[in-house]
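A short write-up of the structure that comes next.
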Amino acid sequence: MHYGLPSIGYARSVTHPIPVPGSARARLIAAGIAHFQADGYERASVVEMANEAGVTTGSLYHHFGSKLGLYRVIRGEMERRMTERMEGAMAAAGGGRDGVRIALEVSFDAAIRFGVTRILAERPPGEWPDPIAETVEGLIPGNAIAAQCVVAAWRGALLAVANGSSPKAARSGLVWVLAIPA
């Protein structure tokens with residue numbers, strides 16, 4: 001689902017247009033990213049997000065239906081961006097263990113740049129597909145357990161950054177884990 005954020009499919013972009021910069025929808029998305037990143041989903045406040053966006057809580061509910069609706073839009077778009085980067089890095093690297101390592105490093109760096117480390121590291125509320133895990137499983141065919149392990153390391157490094165560790169230290173830890181020989 002790509003509600004209000006750039007979409008790769010034409011039909012989706014018509015159904016869920018890119019928000020106009022400065023619009024209430026765009027400001028709510030920006031406020032949502034800031035609050036979900038700082039506080040996590042559970043502690044993020046609808047009232048605070050609406051206030052930061054300069055709108056009423058009714059506007060948030062109008063555009064997204066609920067706090068969960070806003071979260072789904074943001075997380076879904078960020079997961080799409082990460083999986084595209086993973087697949088592109090893997091293809092550029094030519095596959096194999098090095099390709100997986102590079103794919104995870106590239107997506108880690110992107111999550112830092114986008115300021116969504118907590119959003120991507122924390123377990124989402126309710127039932128939620130995991131496109132990151134699915135993508136990594138596709139990069140490591142035939143070894144779902146290895147894929148689960150490297151995704152856990154990737155998320156652990158992101159959460160370390162969200163909790164105050166330096167991105168350089170967290171990336172170094174991730175690289176160390178990914179370099180362990182088979």
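The values are calculated or read from the model by the stated rules, or taken from the named source; none is laboratory data. Remember, predicted model here, so these are calculated numbers, not experimental data. Here the Cβ is made from the backbone with ideal geometry for all residues, glycine too, and neighbour counts use every protein chain on show.
Would you please name the residue that is surrounded by the fewest Cβ atoms within 10 Å (Cβ to Cβ), looking only at residues in region 25-60 that are in contact with a Lys or Arg (Cβ under 9 Å, 6 or more places away or on another chain) and among the hydroxyl-bearing types (S, T, Y)? For region 25-60, the residue satisfying everything is S45.
Just for region 65-95: of the residues that are among the aliphatic types (A, V, I, L, M) and surrounded by fewer than 19 Cβ atoms within 10 Å (Cβ to Cβ), which one is nearest to D39 (Cα to Cα)? Step through it out loud before you land on a result.
First, pick out the residues of region 65-95 that are among the aliphatic types (A, V, I, L, M): 68, 70, 73-74, 78, 82, 86, 89-93.
Checking the rest, the ones that are also surrounded by fewer than 19 Cβ atoms within 10 Å (Cβ to Cβ) come to 68, 91-93.
On the way: L68: 14, A91: 35, A92: 36, A93: 36 Å.
This residue is L68.
Right, L68: of a type in the set (A, V, I, L, M), assigned by TED's automatic domain parsing to the domain that holds A26 and in contact (Cβ under 8 Å) with a residue 40 or more places away in the chain or not? In short, yes. Taking every residue in region 31-42 that is touching a residue at least 24 places away in the same chain (Cβ under 8 Å) and pairing it with any residue that is of a type in the set (G, A, S), at least 6 positions away or on another chain, the pairs with Cβ-Cβ distances below 6 Å are F36/A44; Q37/G115. Only one of the listed residues (M1, M82, M86) is at pLDDT below 95 and within 14 Å of the chain's Cα centre (by Cα). That residue is M1. For region 152-181, filtering for residues that are assigned to a helix (DSSP H, G or I), touching a residue at least 12 places away in the same chain (Cβ under 8 Å) and not β-branched (V, I, T) leaves 15. Among the conditions (1) at pLDDT below 95; (2) more than 19 Å from L159 (Cβ to Cβ), the only one that E52 does not satisfy is (1).
Quick check: anything in region 70-92 farther than 24 Å from V151 by Cα and either among the charged types (D, E, K, R) or part of a helix (DSSP H, G or I) (or both)? Yes, there is a match, as at least one residue in region 70-92 is farther than 24 Å from V151 by Cα and either among the charged types (D, E, K, R) or part of a helix (DSSP H, G or I) (or both).
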